[in-house]
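Here's the structure we're looking at; comments come further down.
The values are calculated or read from the model by the stated rules, or taken from the named source; none is laboratory data. All figures in this text were calculated on a predicted structure; none of them were measured in a lab. Cβ coordinates were reconstructed from backbone atoms using ideal geometry, including for glycine residues, and neighbour counts include every protein chain displayed. Only protein heavy atoms, including side chains, enter the accessible area calculation; ligands, DNA and RNA are left aside. Shrake-Rupley method; radii C 1.70, N 1.55, O 1.52, S 1.80 Å.
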Amino acid sequence: MRSSNPVFSRRGFSRDNGYAGFNTAPQAGGAAVGTQGSPYAQPQANPYATNPYAQQDLQQGAPPQAPVTTGRMTMDDVVLRTGTTLGILIVTAALSWALLPVDDANISRSYGIGIGAALIGMVLAFVQSFKRKATPALIVSYAAFEGVFLGVISSIVDNRIANGAAMQAVIGTLAVFAAVLVAYKAGWIRVNRRFYGFVMAATLGFLLLMVVNMLFAVFGGGDGLGFRSGGLGILFGVIGVLLGACFLALDFKQVEDGIAYGAPKEEAWLAAFGLTLTLVWIYMEFLRLVAILNSSD
């Protein structure tokens, strides 16, 4: 499974691994969303259907229905797993904030621990991203190590650059989450192949620019090409938040498709993993924006 997350390949309910793809869930009118005139125009059979009428229902344009059996993913499962991963992340972030001081005498040690935790979390996330099935231990461990990093970096920004930055970033992240959820449920955002392709292309370009900027900063010193400071930094921070919002819409669509197609219950861990990755991305972009805005004062 590959993923469409801004940092890692997002795990999805794709055809090659038995999950419903972004565009295989047909609407009540017939063809799948955003697939008219494409090879994906015909609805796909529910890979989890166990009754002989599932294919007939799809041909008649009815939404795919999960089999009436136990062990299927539900919204409650997704909410519970996502709450678990985010809860662990928040607890470890709070502990690292409290136990790893960032005063002049301790900032180097605390920052080193935070970066080490971030690298471990990145490795765990990559391992999970390339696994075909969810491994709860990997996902929970990722959340714990990522929380340590977020606690340290948030403390540094909040105490040394912009007082209250962490709370502003949290509020901004929650606001984006709520806005995208409302827009998605209201049908203002249509997740189809065109939307997916645009988001992936924009993200690839964004990440390439960030890598180039980092290389210039490492070898040339200073802020590199200036993509993470000043006016350009603010612009790219806003773009980063918008990309995160787009990936939230992709996450919601994946969850919706997985429930509709009766994905196994353990796939709720993958949904939680994807949502956690996206929310961390949005939080970091907001934290960076607050830091840039305050350093420009």
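Details
- Flag for Leu275 being open to solvent by less than 50 Å² (accessible area, probe 1.4 Å), aliphatic (A, V, I, L, M) and under 24 Å from Asp76 (Cα atoms): yes
- Candidates are the residues of region 66-89 that are among the polar types (S, T, N, Q) and surrounded by fewer than 17 Cβ atoms within 10 Å (Cβ to Cβ); the one that is modelled with the lowest pLDDT is Thr69.
- Selection count, region 102-113, where residues are open to solvent by 60 Å² or more (accessible area, probe 1.4 Å) and in contact with a Ser or Thr (Cβ under 8 Å, 6 or more places away or on another chain): 1
- Top-ranked residue in region 208-248 [being aromatic (Phe, Trp, Tyr) and at pLDDT 85 or above; ranked as nearest to Ala291 (Cα to Cα)]: Phe236
- So Val280, is it open to solvent by 10 Å² or more (accessible area, probe 1.4 Å), free of Cβ contacts under 8 Å to residues at least 60 places away in the same chain and either closer than 19 Å to Val191 by Cα or within 18 Å of the chain's Cα centre (by Cα) (or both): no
- Candidate set from region 129-145 (those that are aromatic (Phe, Trp, Tyr) and modelled with pLDDT of 95 or more); member that is surrounded by the most Cβ atoms within 10 Å (Cβ to Cβ): Tyr142
- Unmet requirement for Ser154, which otherwise passes all of (1) under 27 Å from Ser229 (Cβ atoms); (2) surrounded by fewer than 21 Cβ atoms within 10 Å (Cβ to Cβ): (2)
- Only one of Val148, Val182 that is buried (at least 20 other Cβ atoms within 10 Å of the Cβ), over 24 Å from Ile234 (Cβ atoms) and at pLDDT 95 or above: Val148
- Residues in region 167-178 that are open to solvent by 60 Å² or more (accessible area, probe 1.4 Å), touching a residue at least 24 places away in the same chain (Cβ under 8 Å) and either acidic (Asp, Glu) or closer than 15 Å to Leu242 by Cα (or both): Phe177 alone.
- In a residue-by-residue description of region 220-231, the property of being touching a Phe, Trp or Tyr at 6+ places or on another chain (Cβ under 8 Å), in contact (Cβ under 8 Å) with a residue 60 or more places away in the chain and surrounded by fewer than 22 Cβ atoms within 10 Å (Cβ to Cβ) applies to at least one position.
- Matching residues in region 242-289 - criterion: being of a type outside the set (A, V, I, L, M), under 17 Å from Ala144 (Cα atoms) and either out of contact with any Ser or Thr (no Cβ under 6 Å at 6 or more places or on another chain) or not in a helix (DSSP H, G or I) (or both): Trp269, Phe273, Gly274, Thr278, Trp281
- Leading residue by the ranking (nearest to the chain's Cα centre (by Cα)) among those in region 95-147 that are of a type in the set (Asp, Glu) and part of a loop (DSSP other than H, G, I, E, B): Asp103
- Restricting Gly205, Gly197, Gly164, Gly116 to those that are open to solvent by 20 Å² or more (accessible area, probe 1.4 Å), on the phi > 0 side of the Ramachandran plot and either of a type outside the set (Val, Ile, Thr) or at pLDDT below 95 (or both) reduces the list to Gly164.
- Any hit, region 90-101, residues being within 19 Å of Ala271 (Cα to Cα), of a type outside the set (Ser, Thr, Tyr) and open to solvent by less than 40 Å² (accessible area, probe 1.4 Å): no
- Among (1) more than 25 Å from Asn294 (Cα to Cα); (2) of a type outside the set (Lys, Arg); (3) touching a Phe, Trp or Tyr at 6+ places or on another chain (Cβ under 9 Å); (4) open to solvent by less than 20 Å² (accessible area, probe 1.4 Å) - the single one Glu256 does not satisfy: (4)
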